[in-house]
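S.K.: Here it is, the structure in full.
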Amino acid sequence: MSAILTILLLILSNIFMTLAWYGHLKLSEMGVSSGWPLWLVIIFSWGIALFEYSLQVPANRIGYMGNGGPFSLIQLKVIQEVISLSVFTIVAMCLFKGESFHWNHYLSFALLIAAVYFAFK
């Protein structure tokens, strides 16, 4: 159960992380934040990132083998990176319609799957 909870928390935290890192670009594109000074964009992103950290830290504590979880530190990091790139891809495709996938992106994902396989081997 802690593995599922860890993965769910990591997915949610990465949604917030992606919105904190790239959401302001969409807001600017829409004209919402185009006049904001950089310091305000940073504070706005930090506000979103607070939710990311509020989910990421418990996910790592719950999932880490040293705290009774099922994953080693390296496994946690590999899981987090795959989730991060997967969430980013979905958000980019939904929010930024001009972004498209090419053969090298598909190859990158195949290599990520291989990385997960070898991390758990």
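The values are calculated or read from the model by the stated rules, or taken from the named source; none is laboratory data. The structure presented is a predicted model; accordingly, all values stated were derived computationally and were not measured. No Cβ is skipped: glycine too gets one built from the backbone with ideal geometry, and neighbour counts run over all protein chains shown.
S.K.: Give me the residue from the stretch 93-111 that is under 17 Å from LEU19 (Cα atoms) and not acidic (Asp, Glu) and, out of that set, surrounded by the most Cβ atoms within 10 Å (Cβ to Cβ).
M.R.: Only one residue tops the list, namely LEU95.
S.K.: (1) free of Cβ contacts under 8 Å to residues at least 12 places away in the same chain; (2) assigned to a helix (DSSP H, G or I): which one isn't true of LEU76, the others all being true?
M.R.: It fails just one condition, (1).
S.K.: Determine whether the stretch 112-119 contains at least one residue that is in a helix (DSSP H, G or I), touching a residue at least 40 places away in the same chain (Cβ under 8 Å), among the hydrophobic types (A, V, I, L, M, F, W, C) and surrounded by 13 or more Cβ atoms within 10 Å (Cβ to Cβ).
M.R.: yes
S.K.: While we're on this one: Scan ILE90, ILE62 and give me the residue that is of a type in the set (Val, Ile, Thr) and either closer than 16 Å to LEU9 by Cβ or surrounded by 17 or more Cβ atoms within 10 Å (Cβ to Cβ) (or both).
M.R.: ILE62
S.K.: Can you tell me which residues in the stretch 35-49 are surrounded by 13 or more Cβ atoms within 10 Å (Cβ to Cβ) and either part of a loop (DSSP other than H, G, I, E, B) or touching a Pro at 6+ places or on another chain (Cβ under 6 Å) (or both)?
M.R.: TRP36, the sole residue that qualifies.
S.K.: Going by the conditions given, is ILE4 out of contact with any Phe, Trp or Tyr (no Cβ under 6 Å at 6 or more places or on another chain), at pLDDT 95 or above and surrounded by fewer than 18 Cβ atoms within 10 Å (Cβ to Cβ)?
M.R.: Considered against the rule, which asks whether it is out of contact with any Phe, Trp or Tyr (no Cβ under 6 Å at 6 or more places or on another chain), at pLDDT 95 or above and surrounded by fewer than 18 Cβ atoms within 10 Å (Cβ to Cβ), ILE4 comes out as yes.
S.K.: For LEU85, state whether it is surrounded by fewer than 17 Cβ atoms within 10 Å (Cβ to Cβ) and either under 13 Å from the mean Cα position of the chain (by Cα) or touching a residue at least 60 places away in the same chain (Cβ under 8 Å) (or both).
M.R.: yes
Results for (1) of a type outside the set (Asp, Glu); (2) in contact with a strand residue (DSSP E or B) (Cβ under 8 Å, 6 or more places away or on another chain); (3) more than 19 Å from THR6 (Cβ to Cβ), shown as yes or no for each residue.
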| position | (1), (2), (3) |
| --- | --- |
| LEU38 | yes, no, yes |
| GLY47 | yes, no, yes |
| LEU55 | yes, no, no |
| ILE62 | yes, no, no |
| LEU73 | yes, yes, no |
| LYS77 | yes, no, no |
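S.K.: Of a type in the set (Val, Ile, Thr) and either under 23 Å from ALA110 (Cα atoms) or without any contact (Cβ under 8 Å) to a residue 60 or more places away in the chain (or both): is that true of ILE90 in this structure?
M.R.: yes
S.K.: Within the stretch 16-34, does at least one residue satisfy the condition of being surrounded by fewer than 19 Cβ atoms within 10 Å (Cβ to Cβ), basic (Lys, Arg), within 18 Å of the chain's Cα centre (by Cα) and at pLDDT 95 or above?
M.R.: The answer is no; no qualifying residue exists.
S.K.: Go over the candidates GLU81, GLU52, GLU99 one by one and state the one that is charged (D, E, K, R) and not in a helix (DSSP H, G or I).
M.R.: GLU99
S.K.: Still on this structure, please answer the following. Could you say whether any residue in the stretch 83-96 is at pLDDT below 95 and touching a His at 6+ places or on another chain (Cβ under 9 Å)?
M.R.: yes
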